[in-house]
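S.K.: My questions all concern the structure below.
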Amino acid sequence: MVLFIMNGIAANNNVKTLNINKKLKGSNLRDAIGKTVITLILFAFSLVMVLPFIWMISTSMKYEVDVFTYPIQWIPAKFRIIENYREVWFGDAPFTLYYFNSIKVTVITTVLSLLISSMAAFAFSKLKFPGRDKIFLLIIATMIIPDQVTLIPRFLYFKWLHLFDTHICLIISMLFSQSNIFFITQFMKSLPAELSDSAKIDGAGTFRTFWNIILPLTKPAIATMAIIKFIWSWNDYQNVLIFITNAKLFTIQIGVRMFTDKYGSFYSLIMAASVSAIIPLFIVFALGQKYIIEGLTAGSVKG
Amino acid sequence: MDSILRKINSLRNSESFAGYMFILPCLFFLLFMAILPVFLTAIISFTNWGSVATDISKLSFVGFKNYIDLFKDATFYTALKNNILLLFYTIPVQLVVSFILAVLINKYCYFKNFFKAIYFLPYISSTVAVATIWMVVMQPSYGPLTEMLKAMGIENTPKWLSDLHWALPSLSGMVVWQNLGYDIVIILAALQTVPAEMYESADIDGANWFVKIRKITLPMITPTIFFLIIYEIMETFRIFDQISVLTDGGPGDATQVLVYYLYKQAFRNSHINYGATITVVLFIIVFAITLVQWIFRKKWVHE
């Protein structure tokens, strides 16, 4: 008897699942068509985002006379790649030099900034000292001060300290990053307290606890912030414009600007310069896309 | 007992000491790069300090003279007006478009990550290079944008950035294009926090997509939209790179904005005191926006 009832229930259930399956199949097909249509629309719209870049790349490989031919030659009829790029990299406004300067400033800034930020984050998350939380709040509160507000005082410091017109002013200007400190502190707080406590009992010095135990575990957060810092330092233009006047110290962003001023209406060369400035970012973005989007969504803002 | 207490005490003290050591570099930057500059700028705005070369002993306080000059300065009002116009030209379009795109990308399409990346690309690209591309694309007489419009039968194409009336809207178009991806990614992250059950129960009630978006999605992500509005307002008041590369504030003062005007006054015209005065006004605006944000976040955003 019991068995019979159970069978009945099972059969009943089977019918139900069947019905649901049927329904799902119908809506699945409709969903799939809808999804395909919307994917195509999104794809068309995303062309608006990429076409300027594609135009830049294609123009950088053209003869100057072909730049403004219409309809647009997306693939150049005649290529002039090597000559254009040689002009950019070894010409009057040498990008080899600008590149070297940019890499130097960006790498030093990123490494030092991350070191300072993670040291502070370690103290804010794992050590106890009077005034800790107040200082942390103060740091976060100063996030609202725009870079431009500190521009004139920084200019004066650098003049007084005879640092004006050196790469040091660029690095110093970009070292302090509240969002890095915030992000890494939050991450370190999520690490179990036992880790640092047991290290303490072992008699490991505070610095060793930081360097050998906490820092390796914080790698994901540090990598995320490092990529983002790299991008913003690479893109920095305002500081170089104001604090650097010696052409030998120019970075890539100012280089593009100088190049544009110098070559005026040689649009193919100007585009080759832009490609050169943007390519490292595309590479970094392609490699660390997940980290970049994640880090920027987690409240780390530009700067 | 006594010795144990002392030991604990000394351990605590050493931890405090270590804590301060770890945040020392950070504190240094907090003081000299964030807090002190605000006060220095404010002080300078009350002096007659023109060029840096002026001997400090010759400086004197001039009271509110710089502020009185500023409030009589037509260019200052133009810059302020342009900043505010930029808010209205960019933020509504950007939010609406990115909201629609984010909703579509979130649920109704394939290749989600691909679209996320594509739309995000302009945001991480260097503003200088991007501005340079747009400068060529918007070349007034035979640039690709003009040619495309002509091909569509539009005869009186504007002169874009060199047109008195079109310069600011053209600039806004570029800004929206570059920042759209950031808004999309932030809204996407917020959409993922909306519980699926809410949509399911709305489905059972027979709600259509419009009702679902209006009654569930929008209220749930209000805090995010609010954050984006504030963030974009701040970004708009900080706009500088594009203007420096593209228009130099011109034609006339058509694209003059506060930060560019302060840069011109302080560093090109050697009116550091006047630049500082504009900086103070800028800071007050940014500070006021932050205050409004604090008050409103408590009032009408349920978190």
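We did not get these values from a lab; they are worked out from the coordinates using the rules stated. Being a predicted model, the structure only gives us computed values, none of them experimental. Using ideal geometry, Cβ is built from the backbone for each residue, glycine included, and neighbour counts are taken over all protein chains shown.
S.K.: Can you compute the modelled spin-label distance between A:A77 and B:V292, with each label point 7 Å from Cα toward Cβ, in nm?
M.R.: 5.4
S.K.: Further, regarding this structure: If you count, for every residue in B:131-141, the Cβ atoms of partner chains within 10 Å of its Cβ, what is the mean?
M.R.: 5
S.K.: Something else now. Just round it to a whole percent: the fraction of Cα-Cα distances in the protein assembly as shown exceeding 39 Å.
M.R.: 39
S.K.: Using alpha carbon centroids, what distance separates the stretch B:166-210 and the stretch B:228-255, in Å?
M.R.: 25
S.K.: If you rank A:M225, B:M220, A:M174 by fewest surrounding Cβ atoms within 10 Å, what's the result? Before the final figure, lay out each step's value.
M.R.: Numbers: A:M225 29, B:M220 16, A:M174 23.
Least crowded to most crowded, the residues run B:M220, A:M174, A:M225.
S.K.: Across peptide A:290-296, how many C-beta atoms of other chains are within 10 Å of each residue C-beta, on average?
M.R.: 4
S.K.: For a quick check, take a GNM of chain A with Cα springs below 10 Å and name the residue from A:L137, A:L40, A:L281 with the largest mean-square fluctuation.
M.R.: Comparing A:L137, A:L40, A:L281 in the GNM, the peak value goes to A:L40.
S.K.: With N set to the residue count of chain B, report its C-alpha Rg divided by 2.2 N^0.38 Å to two decimal places.
M.R.: For chain B, the normalised Cα radius of gyration is 1.32.
S.K.: Test of understanding: ordering B:V96, A:V256 by Cβ neighbours within 10 Å, fewest first, what list do you get?
M.R.: B:V96, A:V256
S.K.: How many Cβ atoms of partner chains, on average, are near each residue of A:256-262 if near means within 10 Å of its Cβ?
M.R.: Per residue, the number of nearby Cβ atoms from other chains is 3 on average.
S.K.: Too long at a 26 Å Cα-Cα cut-off: which of A:K219/B:K107; A:K104/A:K159; A:K104/B:K112; A:K262/B:K159; A:K62/B:K150?
M.R.: Beyond 26 Å between Cα atoms: A:K219/B:K107; A:K104/B:K112.
S.K.: Could you name the aspartates and glutamates whose alpha carbon sits less than 20 Å from that of A:K200, not counting residues in the same chain fewer than 8 places away?
M.R.: B:E15
S.K.: Within the stretch B:9-64, which chymotrypsin sites (Phe, Trp or Tyr not before Pro) sit in a loop by DSSP and count at most 15 neighbouring Cβ atoms inside 10 Å?
M.R.: Here the sparse-neighbourhood loop sites are B:F64.
S.K.: State, to one decimal in nm, how far the label point of B:L59 lies from the label point of B:L85, with both points 7 Å from Cα in the Cβ direction.
M.R.: 3.6
S.K.: May I pose another question? For the residue pair A:I283 and B:I43, what label-to-label distance in nm results when each label sits 7 Å from Cα along the Cα-to-beta-carbon direction?
M.R.: That separation, rounded to one decimal, is 4.6 nm.
S.K.: Quickly estimate the mean residue ellipticity at 222 nm for chain B, helices only: each DSSP H run with n ≥ 4 gives -39500 (n - 2.57), and the total goes over all residues, rounded to 500.
M.R.: -22500 deg cm²/dmol
S.K.: Tell me, what is the FRET efficiency for A:L29 and B:Y77 to the nearest 0.05, using R0 = 56 angstrom and their Cβ-Cβ distance as r?
M.R.: Step by step, r from the Cβ atoms, then E = 0.40.
S.K.: Could I ask something else about it? What percent of all Cα-Cα pairs in chain A falls into each 10 Å bin, going from 0 up to the bin containing the maximum distance?
M.R.: 5, 18, 21, 19, 14, 11, 6, 3, 1, 0
S.K.: Starting from the stretch B:133-210, pick out the GluC sites (Glu not before Pro) whose DSSP state is loop and whose Cβ has at most 11 other Cβ atoms within 10 Å.
M.R.: Those that pass, being in a loop and sparsely packed, are B:E155.
S.K.: For A:Y70 and A:A44, what is the calculated FRET efficiency with R₀ set at 22 Å and r taken between the beta-carbons, to the nearest 0.05?
M.R.: The pair A:Y70/A:A44 has a calculated efficiency of 0.55.
S.K.: Sort all Cα-Cα distances of the stretch B:1-137 into consecutive 5 angstrom bins from zero, then give the percent of pairs in each bin up to the one containing the longest distance.
M.R.: 2, 7, 7, 8, 9, 9, 10, 10, 10, 9, 7, 6, 4, 2, 1, 0
S.K.: Next up: Across chain A, where is the longest run that never hits trypsin sites (Lys or Arg not before Pro) in a DSSP loop with at most 14 other C-beta atoms within 10 Å?
M.R.: Excluding the exposed sites themselves, the longest stretch runs over A:129-303.
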